[in-house]
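The values are calculated or read from the model by the stated rules, or taken from the named source; none is laboratory data. Since this is a predicted model, take the numbers as computed values, not measurements. Glycine also receives a Cβ, built like all others from the backbone with ideal geometry; neighbour counts cover every protein chain displayed. Please note that ligands, DNA and RNA were not included when accessible areas were found on the heavy atoms of the full protein model with its side chains. Shrake-Rupley method; radii C 1.70, N 1.55, O 1.52, S 1.80 Å.
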Amino acid sequence: MLASTLTQRPLYEDVAERLRQQIFDRELEPGSWIDEIRIAESLGISRTPLREALKVLATEGLVTMKLRRGAYVTEVSEKDLMDVYHLLSLLESDAVRQVALKASDDQLQELAHLHEQLMQSVGETERFFSINEQFHRRVLELADNRWRLNMVDDLRKVLKLNRHHSLFKTGRIQQSLDEHAAIVQALLDRNASAAASRMASHFANGLQAAT
């Protein structure tokens with residue numbers, strides 16, 4: 001029971017994290033109705049923190065609230081994907097430009113090392129996705145704009161509803177690795193415009209594979 005594992009943060013945040021992971025793991029499928037009574041009973045909580053958690057997930061775009069019908073796991077449409085990829089491309093292209101200009105040599109080597117780890121993780125699906133996410137997040141952290149980082153975090157939560165399918169397409173994993181390699185090389189060369197352009201191409205190709 002979740003109630004027995006309380007942390008210092010409010011209960012609804014723990015509930016939101018539990019439901020968020022169930023959505024990402026496809027235990028709660030896109031488009032499925034969220035049975036509040038069943039979930040509250042399974043977690044050993046009342047419906048009040050559950051409803052607060054659902055509001056959080058709705059703000060993140062992972063849950064859709066329907067009038068008089070309750071909460072549903074969000075289904076990502078083609079337009080949703082296009083909109084999310086468009087914003088991620090703008091935000092992360094600008095971030096990588098800043099990193100090329102401002103990051104230390106050690107920080108750039110850190111990104112190069114993450115790319116090496118990514119190459120070594122091919123065939124290990126969950127590890128590959130995890131390192132890929134670490135790479136992109138580290139770029140954002142080095143760009144040092146917390147508002148952009150928060151925005152990208154929320155956008156990537158929505159992207160996770162569809163994300164695994166795009167990299168499973170034939171040849172997409174190798175293509176993505178090649179794109180990362182090109183981004184890393186531009187960073188090591190401190191070529192800000194090339195880094196930004198290659199990041200934009202990375203997202204354009206990702207969108208093409210995802211739709």
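For the list (1) under 19 Å from residue 158 (Cβ atoms); (2) open to solvent by less than 70 Å² (accessible area, probe 1.4 Å); (3) of a type in the set (Asp, Glu), I need the number of the one condition that residue 29 fails.
Here residue 29 clears every test but (2).
Starting from residues that are within 12 Å of residue 16 (Cα to Cα), in a helix (DSSP H, G or I) and of a type in the set (Val, Ile, Thr), keep the ones in segment 49-99 and report whichever is most open to solvent (accessible area, probe 1.4 Å).
Among residues in segment 49-99 that are within 12 Å of residue 16 (Cα to Cα), in a helix (DSSP H, G or I) and of a type in the set (Val, Ile, Thr), the one most open to solvent (accessible area, probe 1.4 Å) is 59.
Take the residues in segment 119-146 that are surrounded by 13 or more Cβ atoms within 10 Å (Cβ to Cβ) and either touching an Asp or Glu at 6+ places or on another chain (Cβ under 6 Å) or of a type in the set (Lys, Arg) (or both); name whichever of them is nearest to residue 99 (Cα to Cα).
138
Mind listing just one residue for me: the one in segment 15-26 that is of a type outside the set (A, V, I, L, M) and touching a residue at least 24 places away in the same chain (Cβ under 8 Å) and, of those, most open to solvent (accessible area, probe 1.4 Å)?
18
Quick one: which of 185, 175 is under 26 Å from residue 77 (Cα atoms) and either touching a residue at least 60 places away in the same chain (Cβ under 8 Å) or open to solvent by 60 Å² or more (accessible area, probe 1.4 Å) (or both)?
After applying the criteria, what remains is 175.
Please pick out the residue among 74, 64 that is among the polar types (S, T, N, Q) and free of Cβ contacts under 8 Å to residues at least 40 places away in the same chain.
After applying the criteria, what remains is 64.
Consider segment 66-92. How many of its residues are β-branched (Val, Ile, Thr) and closer than 19 Å to residue 39 by Cα?
Here the count works out to 2.
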